[in-house]
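Colleague: Quick one: structure below, then a few questions.
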Amino acid sequence: MRHEHGGRRQRFFGHGELRLVILELLTRSASHGYELIKEIENLTQGNYTPSPGVIYPTLDFLQDQAFITIIEEENGRRKIAITVAGQRWLDENQEQMESIHARIRARCVGFQLRKNPQMKRALDNFKAVLDLKVNQGELSDAQLKQIVGVIDRAALEISQLD
């Protein structure tokens with residue numbers, strides 16, 4: 001996945017974290033692969049939708065570890081349920097799950113904030129002014145230092161808001 005500026009987008013979940021998220025979702029009810037994809041999309045408020053190419057190999061891994069069972073239903077769908085071993089592994093990794101939830105909340109807040117029309121306008125204005133100033137010609141060290149100072153003061157002021 002590439003950003004418009006050529007950089008790689010940060011992965012939403014770190015190595016092995018999607019496994020824990022899936023197990024936690026399965027503690028609520030048995031599910032199907034497509035439903036898990038939708039639940040993860042809802043959990044991340046649309047910031048991340050795992051593809052079938054990510055979900056199904058993860059489910060295969062969880063089944064190989066005996067953390068889930070997959071039962072073929074009459075309609076050809078596969079019902080997925082967490083096992084006792086899966087619940088134990090989830091319990092042992094509760095601290096990591098809390099960290100995952102905190103990161104999801106932080107990323108969703110930022111996403112919602114950027115969707116706010118006033119915030120979007122202000123951020124776009126800031127980027128445009130900065131881009132014009134920086135790209136209008138050679139910046140002296142003093143000018144660059146001033147710009148950095150303005151940004152740092154704004155960040156400090158925002159961090160101190162009630």
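The values are calculated or read from the model by the stated rules, or taken from the named source; none is laboratory data. As the structure is a prediction and not an experimental result, all values here were calculated from the model. Cβ coordinates were reconstructed from backbone atoms using ideal geometry, including for glycine residues, and neighbour counts include every protein chain displayed. To get the accessible areas, we keep the full protein, side chains included, count just its heavy atoms, and leave off ligands, DNA and RNA. Shrake-Rupley method; radii C 1.70, N 1.55, O 1.52, S 1.80 Å.
Colleague: Starting from the Kirkwood radius over alpha-carbon pairs of region 12-64, derive D by Stokes-Einstein at 37 °C in a medium of 0.692 mPa s and give it in µm² s⁻¹.
Modeller: 296 µm²/s
Colleague: Less than 13 Å Cβ to Cβ from M97, Lys/Arg counted +1 and Asp/Glu -1: what total charge do the surrounding residues give?
Modeller: Around M97, the surrounding residues sum to -3.
Colleague: Still on this model: Which option, [x] 11.2; [y] 13.6; [z] 8.9, is the value of mean projected area of the Cα convex hull in nm² that was calculated from these coordinates?
Modeller: Given [x] 11.2; [y] 13.6; [z] 8.9, the calculated one carries the label [y].
Colleague: Could you tell me how far the Cα centroid of region 18-41 sits from the Cα centroid of region 61-81, in Å?
Modeller: After rounding, the separation between the Cα centres reads 12 Å.
Colleague: Restricting to lysine pairs 8 or more places apart or on different chains, what number in the chain have Cα atoms under 29 Å apart?
Modeller: 9
Colleague: Sum up the charges of everything whose Cβ sits under 14 Å from the Cβ of G149, counting Lys and Arg as +1 and Asp and Glu as -1, but leave G149 out.
Modeller: 0
Colleague: Ignoring everything but the protein chains, give the 1.4 Å probe accessible area of E35 in square angstrom, nearest 10.
Modeller: Roughly 70 Å² of E35 is accessible to a 1.4 Å probe.
Colleague: Any chance you could run the full-extension gain for D124 through L161? It's 0.36 nm times the residue separation minus the Cα-Cα distance, nm to one decimal.
Modeller: 11.2 nm
Colleague: Moving on to the next point. Give me the net charge for the shell around G46: Cβ to Cβ below 14 angstrom, other residues only, Lys and Arg +1, Asp and Glu -1.
Modeller: Net charge around G46: +2.
Colleague: Classify region 89-141: rounded, prolate or oblate, from the alpha-carbon gyration tensor (a ≥ b ≥ c, eigenvalue square roots; a/c under 1.5 rounded; otherwise prolate if a/b is larger than b/c)?
Modeller: Oblate, since a/c reaches 1.5 and b/c is not below a/b.
Colleague: Carbon and sulfur atoms: what percent of the 1.4 Å accessible area of the chain do they account for?
Modeller: Here carbon and sulfur together make up 54 percent of the probe-accessible area.
Colleague: Now for a separate question. In deg cm²/dmol, rounded to 500, what helix-only [θ] at 222 nm does the chain give when every DSSP H run of at least 4 residues adds -39500 (n - 2.57) and the total is split over its residues?
Modeller: -21000 deg cm²/dmol
Colleague: Can you list, bin by bin at 10 Å, the percent of alpha carbon pairs in region 44-94, starting at 0?
Modeller: The distribution over region 44-94 is 23, 42, 33, 3, given as percents.
Colleague: What accessible area per residue comes out for the chain, rounded to a whole number of Å², with a 1.4 Å probe?
Modeller: Accessible area per residue: 70 Å².
Colleague: Go through 143-151, 79-87 and give me the packing order, highest mean Cβ count within 10 Å leading.
Modeller: In decreasing order of mean packing, 143-151, 79-87 become 79-87, 143-151.
Colleague: Something else: Taking the simple approach of a point 7 Å from Cα along Cα-to-Cβ for both T69 and A154, what is their distance in nm?
Modeller: According to this spin-label approximation, the distance is 5.7 nm.
Colleague: For helix 33-43, what angle does its Cα long axis make with the longest principal axis of the chain, in degrees from 0 to 90 and rounded to 10?
Modeller: 30 degrees
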